[in-house]
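The values are calculated or read from the model by the stated rules, or taken from the named source; none is laboratory data. Please read all numbers here as calculations on a predicted model, not as lab measurements. Every residue, glycine among them, receives a Cβ derived from its backbone with ideal geometry; neighbour counts consider all protein chains shown.
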């Protein structure tokens, strides 16, 4: 016989369903094996060791409390396929030449004399070759990073002079930033093999931190396309680019839609371009410079959308456009990296991943 469900059960369920898109505690009722099976079913058929990949993805999702919905699973798989075609430690063509140029560039930016770097790299390593010779022959970022750690440990004053010159700052199957992983390692569920940097180059670590970067923050996007852009450009870049577009519409001041609301380290009396444009709206917003700065400082969190500044700027912009403007747009960013040899943009990356996501969602 049907029994009526108590009212408090409906209330609890409603609260759970009202959570952010990536986290849904009700999904945790699936067993790990069931989640892994769903992942395997949605992976490209040619992927080697699909069960192993699925197990690492499942652990990362459960450890971070991220719902294993089809949308989230396909987001993870689409980014991984785009970044590495499911290779935990992908080879990079011409990596030795790229690495040497990057070492010289970073040395120059840190005012380390090029002649000093060259002399240090000519030192013989334990295998009899110079470090310069070994760098010329590296094929993967994991190999290069380990080689450089060995180098700074062997060279006199290596840690003091050369620690900041490690040319590898992203890695793993999702190409996650090393500094991001180090900043989000508090609840890492595995024993750390030496360092978090080392873990990023493993499949389990690369997937854990890549998933954290992709899905580990709340956002109110209506489509996954904007998370894919954020994965490339930084959390909330798509939301912030839409805010910049609204500032431009309301003020008439053209802005680069790059998602950067503040110039890093800028004093209050030396604002960046976006902040200057917002200040031009100050009288219409009924906000002073200090209040504007405080609101813009929340641009790296969801809380920015709850500020008076965000609401008032969009009110002005929507009125000027005579229609609601989008609250997310693809950032207009050209991609620059020693590994990139052709003109690419954040929009290109996001759209490529989005196409992979759609194909994944169509798999059963």
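Summary of values
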{"read-out": "Options 246, 229: the member that is over 15 Å from residue 346 (Cβ atoms), touching a helix residue (DSSP H, G or I) at 6+ places or on another chain (Cβ under 6 Å), assigned to a helix (DSSP H, G or I) and at pLDDT 95 or above", "value": "246"}
{"read-out": "Candidates 99, 54, filtered to the one that is surrounded by 17 or more Cβ atoms within 10 Å (Cβ to Cβ) and either more than 22 Å from residue 232 (Cα to Cα) or in the same structural domain as residue 359 (by TED's automatic domain parsing) (or both)", "value": "54"}
{"read-out": "Extreme residue, farthest from residue 146 (Cα to Cα), among residues of the range 105-123 that are in contact with a helix residue (DSSP H, G or I) (Cβ under 9 Å, 6 or more places away or on another chain) and not in a helix (DSSP H, G or I)", "value": "113"}
{"read-out": "Positions within the range 258-268 being touching a residue at least 40 places away in the same chain (Cβ under 8 Å) and surrounded by fewer than 22 Cβ atoms within 10 Å (Cβ to Cβ), in sequence order", "value": "258"}
{"read-out": "Check on residue 126, closer than 24 Å to residue 188 by Cα, assigned to a loop (DSSP other than H, G, I, E, B) and touching a helix residue (DSSP H, G or I) at 6+ places or on another chain (Cβ under 9 Å)", "value": "no"}
{"read-out": "Qualifying residue in the range 341-357 (condition: surrounded by fewer than 15 Cβ atoms within 10 Å (Cβ to Cβ) and either in contact with a helix residue (DSSP H, G or I) (Cβ under 7 Å, 6 or more places away or on another chain) or under 25 Å from residue 263 (Cβ atoms) (or both))", "value": "no"}
{"read-out": "Check on residue 132, without any contact (Cβ under 8 Å) to a residue 40 or more places away in the chain and closer than 30 Å to residue 353 by Cα", "value": "no"}
{"read-out": "Filter result for residue 194 (at pLDDT below 95, surrounded by fewer than 18 Cβ atoms within 10 Å (Cβ to Cβ) and part of a loop (DSSP other than H, G, I, E, B))", "value": "yes"}
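Yes/no per residue for (1) part of a helix (DSSP H, G or I); (2) at pLDDT below 85; (3) farther than 21 Å from residue 80 by Cβ; (4) over 22 Å from the mean Cα position of the chain (by Cα):
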{"residue": "150", "(1), (2), (3), (4)": "yes, yes, yes, yes"}
{"residue": "162", "(1), (2), (3), (4)": "yes, yes, yes, yes"}
{"residue": "168", "(1), (2), (3), (4)": "no, yes, no, no"}
{"residue": "181", "(1), (2), (3), (4)": "yes, no, no, no"}
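To keep it simple, each residue is scored yes or no on (1) modelled with pLDDT of 80 or more; (2) outside any helix (DSSP H, G or I).
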| position | (1), (2) |
| --- | --- |
| 11 | no, no |
| 21 | no, yes |
| 37 | yes, no |
| 45 | yes, yes |
| 53 | yes, no |
| 58 | yes, no |
| 61 | yes, no |
| 72 | yes, no |
| 87 | yes, yes |
